[in-house]
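Down below is the structure, laid out as structure tokens.
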Amino acid sequence: MVLLDGKFISEKIKEEIKIEVQNIKNNGGRTPHLAAVLVGNDGASLTYVGSKVRSCKKVGFESTLIHLDENISEDNLISEINKLNDNDQIDGYIVQLPLPKHINEEKILMMVNPKKDVDGFHPFNFGKMAQNMDSFIPATPHGIIELIDRYDIDTEGKNTVVIGRSNIVGRPTSILMSNKSKPGNSTVTLVHSRTPDIPSFTKKADIIIVALGIPNFLKSDMIKQGSVVIDVGITRVQDKTKKKGYRIVGDVDFESVKTKVSYITPVPGGVGPMTIAMLLKNTLKARINN
Ligand code: GUN
């Protein structure tokens, strides 16, 4: 069994980005600049956005955190988005999800200038990705593909099962794995909460990507010997023995599954750190495109 070390690979990617940023600066170019919009005080979102902003510093990017009150009106949020669209010092930005219930998420994501959409959530970028055209690929699916690529895992003609159909992870990952590319060229089945017998699919899968948000969902009796398992779950579970009062638990029952697999991502330290690295990569791409 090989552990897919997302922490190690993401550090390597960040080093590569840092060198490119240094080259831009040495040639008199402007420093790449990422902004993050956070509405409200959701604990997990605060952690993720904080981590994204800190990572910018590590690679030599500028970053701006726009932290807005959770009661902000939709119109005022749109005016903040428009300011970012008009600010030519900002190369790319993200709107951290979820947004409060009174705000129409779809409407907000549609307002993001596709050229600054480093999350790749705008339908313009999503559509381009689905047609295998050059675009911003959402950071988590991009991180999964990059991890598979860096470990040289063969995906061509393999049976890939993606569990979960979210716009952020499951659906884009299923598209990327079936695209005519490397990694890709896989035969993909997308299963979800309305699929009657998920084990009947996972038992036949060469590659399983789990993005459900249900701790320890995938058990060893649901997979075949030698499969590749990618765990996207990051559920916070209360744990008084931890300093933070919680621990992060994946969607895979790691202890039982690890004895059967050829490759597996740990949680934490697998897909999570790759997500941030790919967001930085997208920001660098936005800077270069500008
Ligand atoms: N919420 C959960 N994952 C993400 C992500 O990748 N980007 C943004 N903007 N919000 C998220």
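Given (1) surrounded by 19 or more Cβ atoms within 10 Å (Cβ to Cβ); (2) in a helix (DSSP H, G or I), identify the lone condition not met by V162.
That leaves (2) as the condition not met.
Tell me, which residue of region 132-159 that is touching a residue at least 12 places away in the same chain (Cβ under 8 Å) and of a type in the set (D, E, K, R) is surrounded by the fewest Cβ atoms within 10 Å (Cβ to Cβ)?
Going residue by residue through region 132-159, those that are touching a residue at least 12 places away in the same chain (Cβ under 8 Å) are 132, 135-151, 153, 155-159.
Among the residues that remain, those that are also of a type in the set (D, E, K, R) are: 146, 149-150, 156, 158.
Numbers: E146: 21, D149: 15, R150: 17, E156: 11, K158: 18.
Applying the filter and picking the extreme gives E156.
From the list L38, L46, L4, which one is modelled with pLDDT of 95 or more, within 16 Å of the ligand (Cβ to nearest atom) and closer than 26 Å to L147 by Cα?
On inspection, the qualifying residue turns out to be L46.
For region 132-154, what are the residues that are within 16 Å of the ligand (Cβ to nearest atom) and either of a type in the set (F, W, Y) or in contact with an Asp or Glu (Cβ under 7 Å, 6 or more places away or on another chain) (or both)? Full working, then the answer.
To start, the set of residues in region 132-154 that are within 16 Å of the ligand (Cβ to nearest atom) comprises 135-147.
Once the filter is applied, which keeps residues that are within 16 Å of the ligand (Cβ to nearest atom) and either of a type in the set (F, W, Y) or in contact with an Asp or Glu (Cβ under 7 Å, 6 or more places away or on another chain) (or both), region 132-154 yields F136, P138, A139.
Write out, first by first residue and then by second, each pair whose Cβ atoms fall under 9 Å of each other, whose residues are 6+ apart or on separate chains, and whose first residue, in region 216-228, is part of a loop (DSSP other than H, G, I, E, B) while the second is among the aromatic types (F, W, Y).
Qualifying pairs under 9 Å: N216/F254; S227/Y263.
Tell me, which residue of region 205-240 that is of a type in the set (G, A, S) and under 24 Å from the mean Cα position of the chain (by Cα) is surrounded by the fewest Cβ atoms within 10 Å (Cβ to Cβ)?
Quick first cut of region 205-240, residues of a type in the set (G, A, S) only: 205, 211, 213, 220, 226-227, 233.
Pick out the ones that are also under 24 Å from the mean Cα position of the chain (by Cα) and you get 205, 211, 213, 227, 233.
Details: A205: 24, A211: 25, G213: 15, S227: 23, G233: 23.
The qualifying residue surrounded by the fewest Cβ atoms within 10 Å (Cβ to Cβ) is G213.
Could you please tell me which pairs satisfy a Cβ distance under 7 Å, a separation of 6+ or placement on different chains, a first residue in region 185-196 that is touching a residue at least 12 places away in the same chain (Cβ under 8 Å) and over 14 Å from V169 (Cα atoms), and a second residue that is among the hydroxyl-bearing types (S, T, Y) and in a loop (DSSP other than H, G, I, E, B)?
N185/T155; S186/T155
State all residues of region 85-110 that are away from the ligand (no atom under 13 Å from the Cβ) and either in a helix (DSSP H, G or I) or acidic (D, E) (or both); if no residue qualifies, say none.
First pass over region 85-110, keeping only residues away from the ligand (no atom under 13 Å from the Cβ): 85-91, 100-104, 106-107, 110.
Answer for region 85-110, where residues must be away from the ligand (no atom under 13 Å from the Cβ) and either in a helix (DSSP H, G or I) or acidic (D, E) (or both): N85, D86, D88, D91, E106, K107, M110.
Quick one: what pairs do we get from region 112-131, first residue more than 16 Å from the ligand (Cβ to nearest atom), second modelled with pLDDT under 95 and not in a helix (DSSP H, G or I), C-beta under 9 Å, 6+ apart or different chains?
Listed by first residue and then by second, the contacts come to K115/N290.
Only residues that are buried (at least 22 other Cβ atoms within 10 Å of the Cβ) and small (G, A, S): list them for region 268-285, please.
Across region 268-285, the qualifying residues are G270, G272, A277.
Identify the single condition in (1) of a type in the set (D, E); (2) part of a helix (DSSP H, G or I); (3) surrounded by 15 or more Cβ atoms within 10 Å (Cβ to Cβ) that D119 does not satisfy, given that it satisfies every other one.
(2)
The values are calculated or read from the model by the stated rules, or taken from the named source; none is laboratory data. Here the structure is a predicted model, which is why all the values come from computation and not from measurement. A quick note on method: Cβ atoms are made from the backbone with ideal geometry, for glycine too, and the neighbour counts reach across all protein chains shown.
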